[in-house]
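So the structure is just underneath, and the comments pick up after that.
The values are calculated or read from the model by the stated rules, or taken from the named source; none is laboratory data. These figures come from a predicted structure and were not determined experimentally. Positions of Cβ are backbone-derived with ideal geometry, glycine not excepted, and every protein chain shown enters the neighbour counts. Calculation scope for accessible area: heavy atoms of the full protein, side chains included, ligands and nucleic acids excluded. Shrake-Rupley method; radii C 1.70, N 1.55, O 1.52, S 1.80 Å.
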Amino acid sequence: IVGAGSVGSIVAEGLARMGIQHIKLIDFDRIEFINLDRTLHATHADAQMNRNKVEALRDGIRKGGTSDKFRVDAIKGNLSQKEIFQEALDCDVLFSCVDRPLARSILNTIAYAHLIPVVDGGIRVERNKLNELSKADWKAHIASPGRRCLECLGQYDPGFVQTEREG
């Protein structure tokens, strides 16, 4: 699971409870007070300690894992780092729980160059003129050979990938 925030923590919990034996959690970010409301297993103590998201999530889903051989690895880092990229290549399936174009671009490359399916999705929310919720749409898809890629599906803008690389 790439991304251990709001979506990644829910995906991790679900996979652990359905009996998946080995989960790798990949994320560079840390727990902050502003994301406690939407990140499973994150606590005020985690935010005070500036704890890595993958560590908090690892400890949380260990309690709910249903496989007798359940194992979870907390991998701290960015997918654009060589050693973290290598960890992703060692997976059978990747779940894209990221919100940045660079990470989605890298996952897109992995799906087609290394033949590892990537499950990706997102929520699109629109507001009316009064800044109120007017509609929300959910979509999920799998990036793999024979299917449309994440860029073709409009899941990221390649122009923003370079912008993100440049900071």
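Just checking, which of A4, A16 is in a loop (DSSP other than H, G, I, E, B) and open to solvent by less than 70 Å² (accessible area, probe 1.4 Å)? Break it down stepwise before answering.
Values: A16 fails: in a loop (DSSP other than H, G, I, E, B).
None of the others qualify; the one that does is A4.
Quick test for you: out of D46, D73, D137, pick the one residue that is open to solvent by 70 Å² or more (accessible area, probe 1.4 Å) and not β-branched (V, I, T). So that I can check it myself, show each step before the final result.
Working: D46 fails: open to solvent by 70 Å² or more (accessible area, probe 1.4 Å); D73 fails: open to solvent by 70 Å² or more (accessible area, probe 1.4 Å).
Answer to the check: D137.
Every residue, every condition in (1) part of a helix (DSSP H, G or I); (2) open to solvent by 70 Å² or more (accessible area, probe 1.4 Å), yes or no:
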position: Q86; (1), (2): yes, yes
position: R104; (1), (2): yes, no
position: N108; (1), (2): yes, no
position: D120; (1), (2): no, no
position: K129; (1), (2): no, yes
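Residues in the stretch 71-84 that are part of a helix (DSSP H, G or I) and under 14 Å from the mean Cα position of the chain (by Cα): 1 in all.
Please tell me if R147 is open to solvent by 20 Å² or more (accessible area, probe 1.4 Å), touching a residue at least 24 places away in the same chain (Cβ under 8 Å) and either farther than 14 Å from D27 by Cβ or among the acidic types (D, E) (or both). Break it down stepwise before answering.
Working: open to solvent by 20 Å² or more (accessible area, probe 1.4 Å): yes; touching a residue at least 24 places away in the same chain (Cβ under 8 Å): no; either farther than 14 Å from D27 by Cβ or among the acidic types (D, E) (or both): yes.
Considered against the rule, which asks whether it is open to solvent by 20 Å² or more (accessible area, probe 1.4 Å), touching a residue at least 24 places away in the same chain (Cβ under 8 Å) and either farther than 14 Å from D27 by Cβ or among the acidic types (D, E) (or both), R147 comes out as no.
Looking at the structure I just gave you, is G154 at positive phi, in a loop (DSSP other than H, G, I, E, B) and open to solvent by 60 Å² or more (accessible area, probe 1.4 Å)? For G154, the condition - at positive phi, in a loop (DSSP other than H, G, I, E, B) and open to solvent by 60 Å² or more (accessible area, probe 1.4 Å) - is not met. Of all the listed residues (C91, C97), the sole one being in contact with a Gly (Cβ under 6 Å, 6 or more places away or on another chain), under 21 Å from I75 (Cβ atoms) and in contact (Cβ under 8 Å) with a residue 24 or more places away in the chain is C97.
Listed conditions (1) open to solvent by 80 Å² or more (accessible area, probe 1.4 Å); (2) touching a helix residue (DSSP H, G or I) at 6+ places or on another chain (Cβ under 6 Å); (3) among the polar types (S, T, N, Q) are all met by T39, apart from (1).
State whether the residues of the stretch 22-35 include one that is over 16 Å from V72 (Cβ atoms), in contact (Cβ under 8 Å) with a residue 40 or more places away in the chain and open to solvent by 80 Å² or more (accessible area, probe 1.4 Å). Yes, the stretch 22-35 has at least one match.
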